[in-house]
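Engineer: Please see the structure below; I have some questions.
The values are calculated or read from the model by the stated rules, or taken from the named source; none is laboratory data. Fair warning: this is a prediction, and the values are worked out from it, not measured in the lab. Reconstructed Cβ throughout: ideal geometry from the backbone, glycine too, with neighbour counts over all protein chains shown. Just the protein is used for accessible areas: all its heavy atoms, side chains included, with ligands, DNA and RNA removed. Shrake-Rupley method; radii C 1.70, N 1.55, O 1.52, S 1.80 Å.
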Amino acid sequence: MQVDDTAHSPLAGFTVGVTAARRAEELGTLLRRRGAAVLHAPALRIVQLADDSELLAATKELIGHAPDVAVATTAIGFRGWIEAADGWGVGDALLETLRGAELLARGPKVKGAIRAAGLTETWSPGSESMAEVLDRLLSEGVAGRRIALQLHGEPLPGFVESLTAAGAEVVVVPVYRWTPPQDIAPLDRMLDVTAARGLDAITFTSAPAAASFLGRAETRGLLPEILGALRDDVLVACVGPVTALPLQARGIDTLQPERFRLGPLVQLMCAQLPAAARILPVAGHRVEIRGHAVLVDAELRAVPPAGMALLRALARRPGWVVARADLLRALPGSGSDEHAVETAMARLRSALGVPRLIQTVVKRGYRLALDPSADTKYGR
C-alpha cells in the first residue's frame, strides 16, 4: 500500500514511543506531523497535592518563618503551589514571602511561571541542571541560611544533604508526586513492543518516567530484553541530560538536543532516524528500509510485520541467496511450515509494488536483486 506525502515527512515509516505523562499530546502531534506512527503509554502519573497536609504545613512554616532562598524546580509544581495556597486563603502571604527571598528558577519554564505569579527570579542556570543550582548555593555559602526547595516529583536527597552538611536549614515543599499510572496496561504493551524491537525510537521527557519504565520492566522480568533492545536497536531520545541519567546508569546511550525542548528533540530524531535507515540499489530502484515501511524511489510503501522480517533478513546479505529455512526462522511465530515463507513473500512483493525487487532462486530460496554495480559494496 502506498502512503502519500513522504517528501515532507522525515519520520514516515518509523514508529516512536512516547512515555510522557505531561505534554504527551504536544509531543505526539509534533511527531505525527513529521510522519511518525506514535505509540503512547505514560510511564507515570502526576498526583497533585493541593489538599495534602504536608504541603499545607510546609507552606505555613515558610510564611511564619521566611526563607532566605527559594528554589523552584518545575513550572507545573510552582503554579500548583501558588494555586493551592490561594485555595487555603494564604496565596498573598506566600507571594509576599517569596518576594523577599532570593528566588532561583531551574529553567526558562519555571521562570515563566514565576513571572506569571508577579514575581521575579534572581537567577537561573543555563544548563537547567539542579547540580548547577547546588554549585551556586554552595559557592555563595549557605551556613545559617534557610532554603525552601520545591520538589519536582521525587526527593532530591543528595541536594538536600549537601546543603544541610554545609550548614543550611532546608524546608522541602512537596507540591506533587510521581506515581505509577492508574492503567498499567498501555505501559506493559509498550514494554512488550520494545522488547520485540517493534519501536524505532522511544522518547523520555523526565527522569522519573525513565526510571519508572525500567522499573516496570524489571518487575515483569523483561529488563534484560528491554536493555538489549534499547542498546542495540531502539533509538533512545531524552529531552535533556537529567532525564537521561536513569538510562545511562544502565549503560544505555541516549540522544539529547542542545536545547532542552520538545521541538529540538523532534528535530534531532528527524535527522537521526532516516540517517540510520538501510539504503540499497535494487533492480534499478532506490530502496530505503525504514521501521515499518519501505521507500521505493521516494514512494513510501507500508509493509506488514512478517514482510519486514523477511526483507531485513534478505538485506543483511543483499544480493546473496537466503534459504527458505533461514527466512522461516526470521518470521515471527511461523512454526515449521516453509509455506509460510511463500505466503509472506507474496505479500511482501505486493506491498513493495515492484515484484522484481526480490528474485526467487529455484530450490534454493530468495535474494534481493541487487544492481550489479553495487555487488562489491553491498555483497559482503
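Engineer: Determine the shape class of the stretch 159-235: with a ≥ b ≥ c the square roots of the Cα gyration tensor eigenvalues, call it rounded for a/c under 1.5, and otherwise prolate if a/b is greater than b/c, oblate otherwise.
Structural biologist: Prolate, because a/c is 1.5 or more and a/b exceeds b/c.
Engineer: Would you list Arg347, Arg290 from the most to the least accessible area, probe 1.4 Å? Show your work: numbers first, answer last.
Structural biologist: Numbers: Arg347 155, Arg290 20 Å².
I get Arg347, Arg290, largest accessible area first.
Engineer: Then there is this: Taking amide H positions as placed in the peptide plane 1.01 Å from N, state which residues far from Ala70 in sequence (5 or more) or on other chains have amide H under 5 Å from it.
Structural biologist: Glu102, Leu103, Leu104, Ala148
Engineer: What is the set of long-range amide H partners of Glu169 at a cut-off below 5 Å, with H atoms built 1.01 Å from backbone N?
Structural biologist: Those qualifying (amide H under 5 Å, at least 5 residues apart or on another chain) are Gly144, Arg145, Arg146, Ile147.
Engineer: Check Arg278: other-chain or 5+ apart residues with amide H under 5 Å from its amide H, H built from backbone geometry?
Structural biologist: HN-HN under 5 Å from Arg278: Ile289.
Engineer: Which of the listed residues, Ala101, His285, Val361, is farthest toward the dipole's positive end in the chain, when Lys, Arg count +1 and Asp, Glu count -1 at the beta-carbon?
Structural biologist: Highest projection toward the positive end goes to Val361.
Engineer: If you don't mind, there's one more thing I want to ask. Once you have a ≥ b ≥ c as the square roots of the Cα gyration tensor eigenvalues for the stretch 233-284, tell me rounded if a/c is under 1.5, and otherwise prolate or oblate according to whether a/b is larger than b/c.
Structural biologist: Oblate is the answer for the stretch 233-284, as a/c is 1.5 or above yet b/c matches or exceeds a/b.
Engineer: Ok, one more. Calculate, in nm to one decimal, what Leu138 and Asp92 gain on full extension: separation in residues at 0.36 nm each, minus their alpha carbon distance.
Structural biologist: Once the chain is fully extended between Leu138 and Asp92, it gains 13.5 nm.
Engineer: Putting +1 on Lys and Arg Cβ atoms and -1 on Asp and Glu Cβ atoms, find which of Leu151, Phe260, Leu348 reaches farthest to the positive end of the dipole of the chain.
Structural biologist: Comparing the listed Cα positions along the dipole, Leu348 ranks first.
Engineer: Let me ask another. For the charge dipole of the stretch 1-136, defined by +1 on Lys and Arg C-beta atoms and -1 on Asp and Glu C-beta atoms about the Cα centroid, which residue among Gly13, Val71, Trp81 has the Cα displaced farthest towards the positive pole?
Structural biologist: Gly13
Engineer: A follow-up question, please. Placing +1 at every Lys and Arg Cβ and -1 at every Asp and Glu Cβ, with all other atoms neutral, what dipole size does the stretch 275-380 have around its Cα centre, in debye to the nearest 20?
Structural biologist: Charge dipole, the stretch 275-380, about its Cα centre: 220 debye, nearest 20.
Engineer: Once both axes come from the Cα atoms, what is the angle between helix 262-275 and the longest principal axis of the chain, in degrees from 0 to 90, rounded to 10?
Structural biologist: The answer is roughly 20 degrees.
Engineer: Once Rg and Dmax of the Cα atoms in Å is worked out from the coordinates, which option in (1) 29.7, 93; (2) 20.8, 75; (3) 26.3, 87 does it equal?
Structural biologist: Label (3) holds the value from this structure.
Engineer: With only Lys, Arg, Asp and Glu charged, each at its Cβ (+1 for the first two, -1 for the last two), find how big the charge dipole of the stretch 96-181 is about the Cα centre; round to the nearest 20 debye. Before the final figure, lay out each step's value.
Structural biologist: On the way: 9 positive and 10 negative charges, 58 e Å.
It works out to roughly 280 debye.
Engineer: Would you please classify the overall shape of the stretch 72-139 from the alpha carbon gyration tensor, given that a ≥ b ≥ c denote the square roots of the eigenvalues, rounded means a/c under 1.5, and beyond that prolate means a/b larger than b/c while oblate covers the rest?
Structural biologist: Prolate.
Engineer: Quote the charge dipole size of the chain about the Cα centre in Debye, to the nearest 20; the model charges only the Cβ of Lys and Arg (+1) and of Asp and Glu (-1). Don't jump to the answer; show the numbers that get you there.
Structural biologist: On the way: 42 positive and 41 negative charges, 381 e Å.
For this selection, approximately 1820 debye.
Engineer: How high is the relative contact order of the chain, given as a whole-number percent (alpha carbon pairs under 8 Å, six or more residues apart)?
Structural biologist: Result for the chain is 17 percent.
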